[in-house]
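Following: one structure in structure tokens, then a few remarks.
Taken together, the values in this text are just the output of simple stated rules run on the coordinates, not laboratory data. Keep in mind the model is a prediction, meaning the values are calculated, not measured. Backbone-built Cβ (ideal geometry, glycine too); neighbour counts: all protein chains shown.
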Amino acid sequence: MIVDAYSVCPCGSGKKMKFCCSADLIPEIDKIIRAMVGDQRKSALDQIDRLIAQKGPRAALLTCKIELHKLLHEGDAFRAAVLLFHEKYPDNPNSLVFLAELHAIDGDVASGVDLLQRAIEISDGITSEMRSLFGILGQMLFAEGHFAAARAHFVLFEGLASEQTRETDPDLLRRFQNSRQISPLFKKGLVLRPPRPNAEWRDDYLGVIELCRKAHWAQALERLVALAQRFADQFEIMHGIATICGWLGNDELSIAAWRRLPALPGIDHDDAIDAEAMAQLLEGFVDADAFEVIELSLEIDDLNNALERLKSQPRLRSVPVSEQEGDEGPPPRAVFLVADRVVADRAPPSGPQDTPNSIPILMTVISLFGKETDRPARVDFQLIRDANYSEQLAFLKEALGGVTNQVESPIGKIGFVGNLLRQHCFPVGELGAMSKDSIDHREFPWHQIRSQVLPHASSLLHGSTLAQASQDSALRLRAEAYLLNLSLFIDNLSWEISLNDLRREVGLEPLPVIPEEAVRGNDILLHDCARVPRFDLEQFSDSLLEQMLITASYQSMSATSVRCAKIILARPAMSDHSVAILAHQILSSRCDDDAEFKMHVFRAADGMAKKDHSPAQMLLEVLFESWQKQFRTSFSAILERLQRQHSREPGVKETLYQFLVEIGALQQNIAATPPAAQVADAAAGIGTAGVATGAAIWTPDSAASESATGKSKLWLPGMD
Ligand SMILES: [Zn+2]
């Protein structure tokens, strides 16, 4: 038997079957579960329906029925069963969890979150259904921009993983941490502050922390709100309300609570700036004062003619296209980066003629699609409706040599800072003239910030510019917080401009450096990334520096990670340490020079090998990166090393083969999934003939765009 009298009843009560709604159904339920496990879902469902007809809609039976409808993707039947379950057993945790899932499917995330909280409150612990719902709701919260709540949900999803699920689970938290669109203030995670030792409300507050530990957030919030009525001006209590509202996705209340903090008596000025910065982020700092983002589709008569014209356009750069069929139809025939001015073929020698104004900025990325059965050939891209919109659109139409139809659809909004980020989220090397020789790395970012961000009046600052708001006592805190948020986003871009640089620029006094003693002994490193730019990293001890690098890299603070990595590698005592591996990896990922890239990659790989850890996985990842960055020397060297040293390791040949097919270096003429022997042959061929002669394999300086421009032997839709 799979279940017996002492198994937990499937109904969600937490009781043993013997003492629950399925006491007289144990052999029947055992049979049903066997059928489910044995993949006989239809027959299991028939058995359940028969039992429900005989014995009535018991909670255990309804639970199995709903699970089966889910497995069979029977949406309407699932919905009907969930509503029936909830009507019969409104206080059953399973019925609440299923209802929460139904609300989530219908797009009502807020009530999904609410119902999940109620289910947890009346349940003994967190079931696996509840856990997966944390993952589902987290992704929806993320999509709707409730980042504080999304992270809190992801943390639970991850924290409650079991050994079995860990293998197959989506890596939600890691993806969140790696996203460049999200501020490190969200990535550090919002946590409750410990209570002060002698506070009158200490015991109640500790009770709240205990509830949070069990994920009873809604209940914890209720208690805190009650506590706030008795102790109105306590920092920890108001901070707790702001934090838990954030976890629950109630951004409006959370913002109100964050904004109450700076007015509390005796609040630390740094805490006040942080609180306002959180409020601004939740309000949509990036989206404030937004431009519209427009998705455009320009239909054309003659795709080949358009393609020829685009290829000769000096403002465009062709990029390789993956030949995999996308989710929504066939892949594009070609993809081009479009700059706002002519892009030089090679980086010009740096000199006085290169002003920040002369550096090309990425305007958009266009994809060309061939004719399909139900639609004509077309060019798809996005543009921001700012002052240059009409000029840019006119340029593209002219470049295409005539357009038969134009479809415009607004798809969202983007603010000044978001716009700035968007333009620079691409590897520097992709636009020829933006190579490291051609620009002063400090001058260009400053030009961007001075022209695109600082002079614009913001509604957050009640229509003042940052410089004006900084001199206005009523608005200064908002300006300081705005600059903090800006500096954290700039860190993401690896620009070497600190918060204090920005403060000086608008006439605010710089904030003092934080001495190492203040860092030690508290967890400032983990929780207060807003302070990081004010640390004197050069003075840090080895171990503190190591901790700093790990934290900064976990929060994807790019410029800070690079600073730490450089200091670490410059210290002879640390260069043999395992943290040096991470340092080399970080420096390689931020690198725009082929030789330097190769050097960091190989030192990281050697370091791993020394620690008896195979670098194969890492090498496969950087192989792809070196291809994207068009680093020829690194690409060949990494490929060669994978071939020579790692081809016998599990999965390496297969991944390599798939990758080479994807970039068009190998042609996959036969079956979709190559048999193992063929993989071995192909991979072996690459190792010898391929790299040595350059005949069979694409390298970044050979015919780079061949596969992208339709000469590939693979079938492409629209091909004659
Ligand atoms: Zn039961």
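Computed values, structure above
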quantity: Under 24 Å from K214, Cα to Cα: lysines that are on another chain or at least 8 residues apart; calculated: K15, K16, K187, K188
quantity: Gained length - A226 relative to D301, 0.36 nm times residue gap less alpha-carbon distance; calculated: 20.3 nm
quantity: Candidate lysines - alpha carbon under 23 Å from K18, same-chain residues fewer than 8 apart omitted; calculated: K31, K55, K65, K88
quantity: Modelled FRET efficiency - R0 25 Å, V191 with S162, Cβ distances, 0.05 increments; calculated: 0.55
quantity: Projected label distance in nm at R175 and S578, using a 7 Å step from Cα toward the beta-carbon; calculated: 2.9 nm
quantity: Summed residue charge, Cβ within 13 Å of E67's Cβ, Lys/Arg positive, Asp/Glu negative; calculated: 0
quantity: Residue exposure sequence - T243, T127, T165 - by fewest surrounding Cβ within 10 Å; calculated: T165, T127, T243
quantity: Least to most buried among C20, C11 (fewest other Cβ within 10 Å first); calculated: C20, C11
quantity: Reachable aspartates and glutamates, given that their alpha-carbon falls under 20 Å from the alpha-carbon of K311 and they are not under 8 places away in the same chain; calculated: E299, D301, D302, E323, D340, D345, D380, E398, E430, D701, E706
quantity: Protection proxy ranking of 192-202, 638-648, 549-559 - average other beta-carbon atoms within 10 Å, highest first; calculated: 549-559, 638-648, 192-202
quantity: Neighbour-count ranking [beta-carbon atoms within 10 angstrom, fewest first] of Y389, Y482, Y6; calculated: Y6, Y389, Y482
quantity: Projected label distance in nm at S367 and E74, using a 7 Å step from Cα toward the beta-carbon; calculated: 3.7 nm
quantity: Fully extended contour minus Cα-Cα distance, from D106 to F395, at 0.36 nm per residue; calculated: 99.8 nm
